[in-house]
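To keep things clear, I will list the structure first and then write my remarks on it.
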């Protein structure tokens, strides 16, 4: 029997309400009250600190962050500091994975490669050490295109993958990405990929993820999901 997987485009949403939605959705998925769901979102500029994140890996001062409109938020995922920003696709599968973490993160990465290769980019590789999707990882042009970080509770994962489609390159200077000094972060468009609106990229990524998960993909509207999962809906998350 093929599993069902729902995908929802959240639009542009701040990191904190998106995280609150993930955590509420995880409880609903774990209790069997709703379908496994992929949340697809584009965040305003924010640096997220994982469980091993250090404030010293945020290289900009508070004044510089404020001038560029960059928030700093904590997150329960593993890893260190990651940038989210306009021009980046962020996908948060809230799905049961049990203890199969490696299989899950591999699906995240392979779906990103499918998306980027369809946009004409080659030389891509998913690696678990260091974790992410890399452009020509063994060459002098080595750059990281997608960061991955997850958190599992009750066998259900939150957080996921961030794919740099066309991010303002100035923002990469704000941090030591994923605790790796000297690692170059890049956007797919700057490396030759065809431009693609984030929402369109989101649906393509979700289709690829469903395919790698042997699942049938369904779609739902954001407000319907919020009303189902969060008491008070959009207003409770401060989205109204």
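The values are calculated or read from the model by the stated rules, or taken from the named source; none is laboratory data. These figures come from a predicted structure and were not determined experimentally. No Cβ is skipped: glycine too gets one built from the backbone with ideal geometry, and neighbour counts run over all protein chains shown.
In this entry, residue 6 passes the filter for residues that are in contact with a strand residue (DSSP E or B) (Cβ under 9 Å, 6 or more places away or on another chain), buried (at least 19 other Cβ atoms within 10 Å of the Cβ) and either under 27 Å from residue 154 (Cα atoms) or touching a residue at least 40 places away in the same chain (Cβ under 8 Å) (or both). Considered as a group, the residues in region 132-149 that are in contact with a helix residue (DSSP H, G or I) (Cβ under 8 Å, 6 or more places away or on another chain) and surrounded by 22 or more Cβ atoms within 10 Å (Cβ to Cβ) include one that is farthest from residue 74 (Cα to Cα), and that residue is 135.
Any idea how many residues of region 182-217 are in a loop (DSSP other than H, G, I, E, B) and under 22 Å from residue 135 (Cα atoms)? Of the residues in that region, 12 qualify. The residues in region 177-230 that are over 17 Å from residue 148 (Cα atoms), at pLDDT below 95 and in contact with a helix residue (DSSP H, G or I) (Cβ under 6 Å, 6 or more places away or on another chain) can be counted, and the count is 4.
So in region 11-20, with the set limited to residues that are in a helix (DSSP H, G or I) and out of contact with any strand residue (DSSP E or B) (no Cβ under 7 Å at 6 or more places or on another chain), which one is surrounded by the most Cβ atoms within 10 Å (Cβ to Cβ)? Result: 19.
Being part of a helix (DSSP H, G or I), in contact (Cβ under 8 Å) with a residue 12 or more places away in the chain and within 14 Å of the chain's Cα centre (by Cα): is that true of residue 104 here? Yes.
For region 52-75, which residues satisfy the criterion of being out of contact with any helix residue (DSSP H, G or I) (no Cβ under 8 Å at 6 or more places or on another chain), farther than 15 Å from residue 176 by Cα and not in a helix (DSSP H, G or I)? Of everything in region 52-75, those that are out of contact with any helix residue (DSSP H, G or I) (no Cβ under 8 Å at 6 or more places or on another chain), farther than 15 Å from residue 176 by Cα and not in a helix (DSSP H, G or I) turn out to be 69, 74. Would you call residue 152 in contact with a strand residue (DSSP E or B) (Cβ under 6 Å, 6 or more places away or on another chain) and either in a strand (DSSP E or B) or buried (at least 21 other Cβ atoms within 10 Å of the Cβ) (or both)? Taking the combined requirement at face value, the residue does not satisfy it.
Among residues of region 167-192 that are on the phi > 0 side of the Ramachandran plot and surrounded by fewer than 18 Cβ atoms within 10 Å (Cβ to Cβ), those with a beta-carbon under 7 Å from a residue that is part of a helix (DSSP H, G or I) and at pLDDT below 95 at least six positions away or on a different chain give the pairs 179/57. Going by what's in this entry, would residue 29 be described as farther than 16 Å from residue 152 by Cβ and in contact with a strand residue (DSSP E or B) (Cβ under 8 Å, 6 or more places away or on another chain)? Answer is no for this residue.
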